[in-house]
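Visitor: Got a structure for you, written out below as structure tokens; questions coming shortly.
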Amino acid sequence: MNYRLVFVFIFFCVSVQAQTFLNAVIYLHDDTQIDCLARLPAMYEKTIRFKMDNNSKTQKMNSKDIKTVRYILRGGKILEIEYLRYISFFETSMQDVFAAEWIEVLVRGPMMLYVTQEASRSGQRKTVIYHYYVKRENEEIATEIAYVRYKNDFLIYRMEAGDYFANAPEIEKKIKSREEGYTAKDIVNIVKEYNTFQETIPKL
């Protein structure tokens, strides 16, 4: 059986949570924010279901009208998702752009980092793949830059950074030389380092 899931919080009972209204803030593209109760959407769901409080009627909002949804999960954990189109380097040609879907925000800054998760099981064998996407402030479409696959506790990873980090030459060099700490499994720290570097550059 194969199934595609959106969130890193896969073990947080997503199927149950999707039927539950969670404390959330919906941010629109015009910077309006709505404090409400909202459901977790399915990956390709085109609307968000929400209500203002437990006594209110459920409303729907078009996913395209939403910039970010921030959920407050059990234990105070925060989950942020955005509705984005993306290019995949690993599943198809670079020219193919996938339809928009809800993906999780991992890192914010000059370069955004997102993740989706894919899992499959065959008997006792289980494979989990994390797909990582990046997007700069001036870009509308996210680009898949890395994936990390865990298969029966065996780690496989790949990264196609190419020239994406060209405006941070030291980082680009370390990625291309596969220096320790600069492989696909380190992508979160790499993007954080990139953002720190970009923030030191004087604005013109």
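Visitor: Collect the residues in region 70-117 that are at pLDDT below 80, acidic (Asp, Glu) and either touching a Phe, Trp or Tyr at 6+ places or on another chain (Cβ under 9 Å) or within 14 Å of residue 43 (Cβ to Cβ) (or both), keeping them in residue-number order.
Guide: Of everything in region 70-117, just one residue is at pLDDT below 80, acidic (Asp, Glu) and either touching a Phe, Trp or Tyr at 6+ places or on another chain (Cβ under 9 Å) or within 14 Å of residue 43 (Cβ to Cβ) (or both), namely 91.
Visitor: Sticking with this structure for a sec: Do we find that residue 203 is modelled with pLDDT under 90, of a type outside the set (A, V, I, L, M, F, W, C), in a helix (DSSP H, G or I) and over 24 Å from residue 45 (Cβ atoms) in this structure?
Guide: No: the conditions fail for residue 203.
Visitor: For the subset of region 138-160 comprising residues that are at pLDDT 85 or above and not in a strand (DSSP E or B), which member is farthest from residue 115 (Cα to Cα)?
Guide: Taking the candidates together, the pick is 138.
Visitor: Something else: When the residues of region 41-64 are filtered to those that are within 10 Å of residue 101 (Cα to Cα) and of a type in the set (Gly, Ala, Ser), which remaining residue is modelled with the lowest pLDDT?
Guide: Ranking the qualifying residues of region 41-64, first place goes to 42.
Visitor: Quick one: in region 169-187, which of the residues that are in contact with a strand residue (DSSP E or B) (Cβ under 6 Å, 6 or more places away or on another chain) and of a type in the set (A, V, I, L, M, F, W, C) is surrounded by the fewest Cβ atoms within 10 Å (Cβ to Cβ)?
Guide: 184
Visitor: Further question: Residues of region 57-82 being free of Cβ contacts under 8 Å to residues at least 40 places away in the same chain and in contact with a strand residue (DSSP E or B) (Cβ under 8 Å, 6 or more places away or on another chain), which ones?
Guide: Within region 57-82, 57, 58, 59, 60, 61, 62, 63, 64, 65, 78, 80, 82 qualify.
Visitor: Turning to a different aspect of this structure: Pick out the one residue from 40, 28 that is surrounded by fewer than 14 Cβ atoms within 10 Å (Cβ to Cβ) and either in contact with a strand residue (DSSP E or B) (Cβ under 9 Å, 6 or more places away or on another chain) or small (Gly, Ala, Ser) (or both).
Guide: 28
Visitor: Of the conditions (1) of a type outside the set (A, V, I, L, M); (2) modelled with pLDDT of 90 or more; (3) assigned to a helix (DSSP H, G or I); (4) closer than 21 Å to residue 86 by Cβ, residue 185 satisfies every one except a single condition; which number is it?
Guide: Looking at each condition in turn, residue 185 falls short on (2).
The values are calculated or read from the model by the stated rules, or taken from the named source; none is laboratory data. Nothing here was measured: the structure is a model prediction, and the numbers come from that model. Heads up, the Cβs are rebuilt from the backbone with ideal geometry, glycines too, and the neighbour counts pull from every protein chain shown.
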